[in-house]
Amino acid sequence: MENADQEIIICRCEEISRRQILAAIADGATTIKGVKIRTEAGMGLCQGRTCRRLITQMLAQSGARPAAELYPPTSRPPVRTAQVGEYIREEDD
Amino acid sequence: MGRTADVAVIGGGVIGASIAYRLAKAGKKVVLCERYDLTAGATGACDQMVILQSKNPGIHLRLALDSAAMFQDLSRELDYPIEYFRHGGMITIENEMEMGVMTDFVARQKKIGLEVEIISRADAAKRQRGLADHLLGCTFSRQDGHVNPFKLTLGFAKAAKALGAEILIDAEVTGFKEEGGKIKGIKTAKGDVDAEVTVLAAGAWSPLVAAQVGLTLPIKPRRGQIIITEPGPPYVVGGILSAQYIVAKYHPETLRDAKSRGVQLGVGLALSQTAKGDILIGATREFVDYEVSNTREGIREILKNAARLMPGLKKMNVIRIMGGSRPYTPDGLPLIGFPKGREGLFLAAGHEGDGIALSAITGRIVADLLTEGKTYTDISPLDPNRFPLIAS
């Protein structure tokens, strides 16, 4: 089990391991978005709320880009999941 | 640090990556330069469709058919799973006006060779649950499909690299290299690239790059907002558009006096489900410069429209909303070819909402033209010189 730490799940929603994220960084990813498009980490139900910090740390450690220059990921709505029907009802308020 | 290439490609979206792959495959030394990262622009914020039915009967549909044929074998060719599936597609028809437009549209598409027909609401309901009761019917084509735009682009890029191409990310173009009145390469944030030909494939951002050599491209950014639901079991079968979209695209005069906010935002249904299970619900078509943020109004109008056509969507949970700048052109066709008066530059941009669908064939056409000077079909309607590119 010497490679056990490589198999630690970083993105729990999409079940993306540390090994997969390091592979994305080796493939040229220098941003959180770069890791996301290569691995799908951060594309799941929580939209990167859990894995974002861990991936930022791994990117900074890789030396691809100084931590201070890491672009924050694009913030997009919604903050919490909501049903399609709720968006439509909003109009009648 | 300087590099030398046969061809420099500007733009790491699906079009640039496809071109880089085909050129590398044809034996050219290629360097692709991308300002941010692969798929950073419209490619990474689009609706995944390879839908043929939305294409105008003519060169547009012919190229889309040829592109779709290439997609069928592309996962194997690239040795990368691009997730291309042909689950068919439908266009919803709500009223007699739309039925008239679609009847004519379908008849002309059949002549080009698309397998498409108009089916009753009852038959449509056998393919897709959750459809609205008021629909008059739908068009249906089994040749429609969808593909994962991220995997498609990464697949092209990986295969290009394996063939010797170099992909530079964080490599914004800062200027062109000119020599004796000819463009001989580009200057980028990652160093100079000397090249015999420079291909500009920067989508909606192409006009900003072309302006550096005095060209005025008729491409304008047009925002599309798209809503993503949480992954769920299979629900949306294939791709679903609304005839509103076709009417708005090809008969804009019918909407000129429209009072509905949704119509003014260019809202038309574009619905599909990814391999993972997320449902993509689109989209707006808005001229708001390079703004890609989301608006409450845009989100509400998209969802109102979608739920009107498919009430079954109301229970779905939204997890993310995105927006991208599509490269609009005045005649709806891309600019592919050499612009007059700027020797050494080649344009391949302006696919608007068809970039994913036309990516495969665009790569082939550009590689053909740059290696053999000709391609398999008449593409004169795509000639960039149909527009005045140099201000007089």
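The values are calculated or read from the model by the stated rules, or taken from the named source; none is laboratory data. No experiment lies behind these values; they were computed from the predicted model shown. Don't worry about glycine lacking a Cβ; one is built from the backbone with ideal geometry, like all the others, and counts go over all protein chains shown. Areas reflect the complete protein model, heavy atoms only, side chains present, ligands, DNA and RNA absent. Shrake-Rupley method; radii C 1.70, N 1.55, O 1.52, S 1.80 Å.
Couple of notes before you dig in:
- Number of residues in the stretch B:360-392 that are surrounded by 24 or more Cβ atoms within 10 Å (Cβ to Cβ) and touching a Pro at 6+ places or on another chain (Cβ under 9 Å) equals 2.
- Residues that are more than 10 Å from every other protein chain (Cβ to nearest Cβ), touching a residue at least 60 places away in the same chain (Cβ under 8 Å) and not aromatic (Phe, Trp, Tyr) within the stretch B:313-335 comprise B:324, B:325, B:326, B:327, B:329, B:330, B:332, B:333, B:335, listed in sequence order.
- Apart from one condition, residue B:343 fits all of (1) outside any helix (DSSP H, G or I); (2) touching a Leu at 6+ places or on another chain (Cβ under 9 Å); the exception is (2).
- Single residue of the stretch B:139-163 satisfying the filter (among the small types (Gly, Ala, Ser) and in contact with a strand residue (DSSP E or B) (Cβ under 8 Å, 6 or more places away or on another chain)) that is farthest from residue B:15 (Cα to Cα): B:141
- Filtered residues of the stretch B:83-105 (kept if in a strand (DSSP E or B) and open to solvent by less than 10 Å² (accessible area, probe 1.4 Å)): B:89, B:90, B:91, B:92, B:93
- Being without any contact (Cβ under 8 Å) to a residue 24 or more places away in the chain and of a type in the set (Ser, Thr, Tyr) holds for only one residue in B:120, B:75, and it is B:120.
- The numbered conditions (1) within 19 Å of residue A:14 (Cα to Cα); (2) surrounded by fewer than 17 Cβ atoms within 10 Å (Cβ to Cβ); (3) within 11 Å of chain B (Cβ to nearest Cβ); (4) of a type outside the set (A, V, I, L, M) are all true for residue A:53 except (3).
- Of all residues in the stretch B:54-85, those satisfying the criterion of being in contact with a Lys or Arg (Cβ under 7 Å, 6 or more places away or on another chain), on the phi < 0 side of the Ramachandran plot and not hydrophobic (A, V, I, L, M, F, W, C) are B:57, B:80, B:81.
- All positions within the stretch B:178-193 that are assigned to a strand (DSSP E or B) and aliphatic (A, V, I, L, M): B:183, B:186, B:193
- Among the criteria (1) open to solvent by less than 10 Å² (accessible area, probe 1.4 Å); (2) within 26 Å of residue B:55 (Cβ to Cβ); (3) within 19 Å of the chain's Cα centre (by Cα), the one residue B:328 does not fulfil is (1).
- Among the residues of the stretch A:23-49, those identified as surrounded by fewer than 17 Cβ atoms within 10 Å (Cβ to Cβ) and more than 10 Å from every other protein chain (Cβ to nearest Cβ) are A:23, A:26, A:49.
- Condition broken by residue B:36, with the remaining ones in (1) in contact (Cβ under 8 Å) with a residue 40 or more places away in the chain; (2) over 27 Å from residue B:8 (Cα atoms); (3) open to solvent by 40 Å² or more (accessible area, probe 1.4 Å) satisfied: (2)
- Number of positions in the stretch B:125-158 that are crowded, with 21+ Cβ neighbours inside 10 Å, polar (S, T, N, Q) and closer than 18 Å to residue B:240 by Cα: 2
- Qualifying residue in the stretch B:191-205 (condition: out of contact with any helix residue (DSSP H, G or I) (no Cβ under 8 Å at 6 or more places or on another chain), more than 30 Å from residue B:125 (Cα to Cα), surrounded by fewer than 15 Cβ atoms within 10 Å (Cβ to Cβ) and touching a residue at least 24 places away in the same chain (Cβ under 8 Å)): yes
- Top-ranked residue in the stretch B:159-177 [being within 14 Å of chain A (Cβ to nearest Cβ) and not in a loop (DSSP other than H, G, I, E, B); ranked as surrounded by the most Cβ atoms within 10 Å (Cβ to Cβ)]: B:160
- Test result for residue B:130, at positive phi and either part of a strand (DSSP E or B) or not charged (D, E, K, R) (or both): yes
- Selection of helices (runs of 4 or more DSSP H) fully inside the stretch B:194-307 by the criterion of at least 1 residues being within 14 Å of chain A (Cβ to nearest Cβ) returns B:261-264.
- Qualifying residue in the stretch A:80-88 (condition: farther than 23 Å from residue B:274 by Cβ and either surrounded by fewer than 16 Cβ atoms within 10 Å (Cβ to Cβ) or touching a His at 6+ places or on another chain (Cβ under 9 Å) (or both)): no
- Selection within the stretch A:56-93 - among the basic types (Lys, Arg) and either within 7 Å of chain B (Cβ to nearest Cβ) or in contact with a strand residue (DSSP E or B) (Cβ under 6 Å, 6 or more places away or on another chain) (or both): A:76
- When the criteria are applied in full, residue B:119 meets the requirement of being open to solvent by 10 Å² or more (accessible area, probe 1.4 Å), assigned to a strand (DSSP E or B) and within 30 Å of residue B:312 (Cα to Cα).
- Residue match in the stretch B:340-355 (condition: open to solvent by 20 Å² or more (accessible area, probe 1.4 Å) and among the aromatic types (Phe, Trp, Tyr)): no
- Of everything listed in (1) more than 14 Å from chain A (Cβ to nearest Cβ); (2) open to solvent by 20 Å² or more (accessible area, probe 1.4 Å), the single unmet condition for residue B:188 is (2).
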